[in-house]
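Accompanying notes for the structure given below.
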Amino acid sequence: MKIVFDNVDKSFGIIHALKDISFKVDQGDFVFIVGHSGAGKSTILKLILNQLKPTSGQILIDGIDISTGSKEQINQIRRKIGVIFQDYQLIFDKSVEENIALILDIVSYPKEKIQERIDEVINQVGLENRRFLFPSQLSGGELQRAALARSLAIEPEVILADEPTGNLDPENSWNLVKLLKDINQKNKTSIIMTTHNYEIVEALGKRKIEIVNGEIKKDSNKTPKKIIYSSKKHEHV
Amino acid sequence: MSTFKTTWHHIRRSPFQSLTAMLVMVFSFLVISVFIVVNYGLSGVLSYFETKPEITLFIKDGLDSQTVDNIQKDLASYQDIKEIKYISKDKALEIYKQENKDNPMLTEMVTASILPASFEVTVSDPNTLEQIYQNYAAKNDVIDEVIYQKDIINSLLDWTNIIRRTGVAVTLIIAFISFFTVFIIIGMKITNRKEEIRISRLLGASHLYVKKPFLLEGLFYGVFGSFVGSVLTFSFIIIFRQSINSFFQPVEFISYDTLFYALVLISEVFLGAFIGLLASWIGAKRYIKF
């Protein structure tokens with residue numbers, strides 16, 4: 001899946017949350033979006049999911065402009081994206097297993113293989129003993145792993161992870177990031193992860209897009225040759 | 001997770017709301033079924049009277065056959081006469097015995113001599129009926145009594161119409177109340193589950209996917225309510241059928257026809273399904289905005 005932001009602006013009334021954002025993510029890329037709280041990192045992920053619409057500019061996913069795409073096109077795109085929300089967004093009255101089963105049902109995963117797939121991802125994230133528990137019965141780290149299991153279940157082309165280490169202790173944070181890195185290497189799944197944990201970003205040495213006050217301050221992937229989506233404002237980067 | 005499983009999960013998770021929807025539906029169809037059965041019974045009563053001769057002239061005992069013939073010829077001379085039927089004393093006894101065959105006490109004491117002979121006259125123009133009544137009511141030498149059923153039929157027709165109209169109005173009001181109850185309860189359930197719907201939509205669920213369990217839930221309330229309401233009514237009616245029918249004898253007020261009940265049940269289940277589905281569909285359209 002190829003994601004292209006082309007001069008995207010997003011305003012909430014008088015607040016200019018994103019200004020002239022342009023970047024491209026190819027299949028298999030691992031990208032960190034970093035910045036302080038309120039910089040606009042989560043807004044970028046919400047725009048990719050079409051949870052928000054840009055005020056101006058274009059967001060192309062596999063060549064489809066998601067602002068003008070049909071409902072069915074948006075649904076199809078969302079079914080290829082695994083999301084780890086900052087606040088997990090697990091359904092509170094469904095067990096871990098049922099939460100995973102739900103997304104598999106949404107993507108029309110073959111019914112006879114659903115249980116097998118649930119077992120696989122639950123083992124992958126190490127929640128074997130927590131599969132029948134409800135979100136309210138899990139710790140922060142377990143919730144994060146449950147959200148990861150749900151996003152992995154559909155074998156997504158892209159994983160959007162919104163501050164996935166935000167509520168985790170250092171050990172769990174590293175475990176989660178290591179898991180994402182493995183998935184990225186093994187499956188060529190693109191990962192777009194927002195974080196303000198610079199230690200992890202530097203340690204992994206992956207591409208980093210730094211957002212400051214809604215603007216791209218630095219995109220580590222950009223060389224003068226690659227600046228094809230950037231506005232004139234950012235060409236000096 | 002199948003839609004059925006999700007629907008069942010929704011019903012189980014808010015049992016009091018679900019129970020309210022089901023009880024309102026059951027009560028509605030209980031009342032609707034009662035009106036249908038009463039209406040059927042009234043139609044039977046009405047058609048019984050309508051098929052009876054419209055005027056009956058009981059003639060005096062001891063008249064010679066020439067006088068009886070003359071009365072018959074005179075009656076035949078009126079315009080718009082459809083049928084004149086002479087009921088002799090023996091025939092009257094036969095009818096009496098037939099109508100009271102279940103009560104031997106009543107038939108034992110009666111002989112043909114105490115029952116009057118009569119003419120049963122059916123006309124096509126009610127004005128002719130009025131003329132016959134005016135002429136024969138005064139002929140006390142040959143006529144014992146004149147029974148004119150116009151007033152009974154008119155009065156019965158008035159009552160039947162009132163009950164039918166009331167039935168239609170009550171049915172419409174009740175259907176409306178059921179519709180709104182299901183609509184509001186589905187709306188409440190959607191509001192309670194708005195987070196789940198929003199998350200499902202973000203994960204790629206289509207509008208239909210998130211709507212389906214609610215549509216199925218409305219359909220379930222409609223089908224369950226109409227089925228239970230109708231079956232309860234029919235059960236009570238079948239239990240008390242004999243007593244009710246003996247009160248309305250010789251009219252069969254409560255039908256013995258199984259096909260009638262089967263047709264009413266099927267129609268009511270369809271109506272219930274329609275109300276439930278429509279209410280939940282409009283509810284889902286109104287409240288699911290993600």
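The values are calculated or read from the model by the stated rules, or taken from the named source; none is laboratory data. It should be emphasised that the depicted structure is a prediction, and the values quoted were computed from it without experimental measurement. For neighbour counting, all protein chains shown are included, and Cβ atoms are generated from backbone atoms with ideal geometry for every residue, glycine included.
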Test set (1) farther than 20 Å from A:E163 by Cβ; (2) more than 13 Å from chain B (Cβ to nearest Cβ) - A:I44 fails condition number: (1)
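Could you please find all residues in segment B:173-204 being of a type outside the set (A, V, I, L, M), within 14 Å of chain A (Cβ to nearest Cβ) and in a helix (DSSP H, G or I)? Walk me through it before giving the result.
As a first pass, look at segment B:173-204 and keep what is of a type outside the set (A, V, I, L, M): B:176, B:178-181, B:183, B:187, B:189, B:191-196, B:198, B:200-201, B:204.
This time we only want the ones that are within 14 Å of chain A (Cβ to nearest Cβ), so: B:189, B:192-196, B:198, B:200-201, B:204.
Listed by number, the residues that qualify are B:K189, B:N192, B:K194, B:E195, B:E196, B:R198, B:S200, B:R201.
Collect the residues in segment A:1-45 that are among the basic types (K, R) and crowded, with 16+ Cβ neighbours inside 10 Å, keeping them in residue-number order. Show your work before the answer.
Step one: list which residues in segment A:1-45 are among the basic types (K, R), which gives A:2, A:10, A:19, A:24, A:41.
The answer is A:K10, A:K19, A:K24, A:K41.
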Complete set of residues in segment A:49-81 that are within 14 Å of chain B (Cβ to nearest Cβ), among the β-branched types (V, I, T) and in contact with a strand residue (DSSP E or B) (Cβ under 6 Å, 6 or more places away or on another chain): A:I61, A:I66, A:I77, A:I81
Test result for B:I199, buried (at least 18 other Cβ atoms within 10 Å of the Cβ), modelled with pLDDT of 90 or more and of a type in the set (A, V, I, L, M, F, W, C): yes
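Check A:D26, A:D20 and return the single one that is touching a residue at least 12 places away in the same chain (Cβ under 8 Å) and within 24 Å of A:P164 (Cβ to Cβ). Before you say what the answer is, go through the steps one by one.
Working: A:D20 fails: within 24 Å of A:P164 (Cβ to Cβ).
So the residue among A:D26, A:D20 that is touching a residue at least 12 places away in the same chain (Cβ under 8 Å) and within 24 Å of A:P164 (Cβ to Cβ) is A:D26.
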Pairs, first in contact (Cβ under 8 Å) with a residue 40 or more places away in the chain in segment A:97-116, second assigned to a helix (DSSP H, G or I) and aliphatic (A, V, I, L, M), C-beta under 6 Å, six or more apart: A:I100/A:I118; A:I100/A:A149; A:I100/A:A153; A:I103/A:A153; A:L104/A:I114; A:L104/A:A153
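Filter segment A:82-98 for residues that are within 12 Å of A:F134 (Cβ to Cβ), more than 9 Å from chain B (Cβ to nearest Cβ) and not hydrophobic (A, V, I, L, M, F, W, C) and give the result.
If we filter segment A:82-98 for residues that are within 12 Å of A:F134 (Cβ to Cβ), which is where we start, we get A:90-98.
Still in the running and more than 9 Å from chain B (Cβ to nearest Cβ): A:95-97.
Residues satisfying the conditions are A:S95, A:E97.
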Residue match in segment A:10-25 (condition: on the phi < 0 side of the Ramachandran plot and under 14 Å from the mean Cα position of the chain (by Cα)): yes
Qualifying residue in segment A:161-171 (condition: touching a His at 6+ places or on another chain (Cβ under 8 Å) and among the charged types (D, E, K, R)): yes
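Suppose we filter segment A:81-134 for residues that are of a type in the set (S, T, N, Q) and part of a loop (DSSP other than H, G, I, E, B); how many remain? Let's see the steps before the verdict.
Residues of segment A:81-134 that are of a type in the set (S, T, N, Q), as a first pass: A:86, A:89, A:95, A:99, A:108, A:115, A:123-124, A:129.
Subsequent filtering for residues that are part of a loop (DSSP other than H, G, I, E, B) retains A:86, A:89, A:95, A:108.
Residues that pass the stated criteria total 4.
Given the residues A:D93, A:D65, A:D87, which is the only one that is over 20 Å from A:P156 (Cβ atoms) and free of Cβ contacts under 8 Å to residues at least 12 places away in the same chain? Walk me through how you get there before you give the answer.
On the way: A:D93 fails: free of Cβ contacts under 8 Å to residues at least 12 places away in the same chain; A:D87 fails: over 20 Å from A:P156 (Cβ atoms).
The match here is A:D65.
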Unique match (being surrounded by fewer than 18 Cβ atoms within 10 Å (Cβ to Cβ) and more than 14 Å from every other protein chain (Cβ to nearest Cβ)) among B:F236, B:F214, B:F220, B:F227: B:F236
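Would you say A:N172 is in contact (Cβ under 8 Å) with a residue 60 or more places away in the chain and part of a helix (DSSP H, G or I)? Explain how you work it out, then say what you get.
On the way: in contact (Cβ under 8 Å) with a residue 60 or more places away in the chain: no; part of a helix (DSSP H, G or I): yes.
Taking the combined requirement at face value, the residue does not satisfy it.
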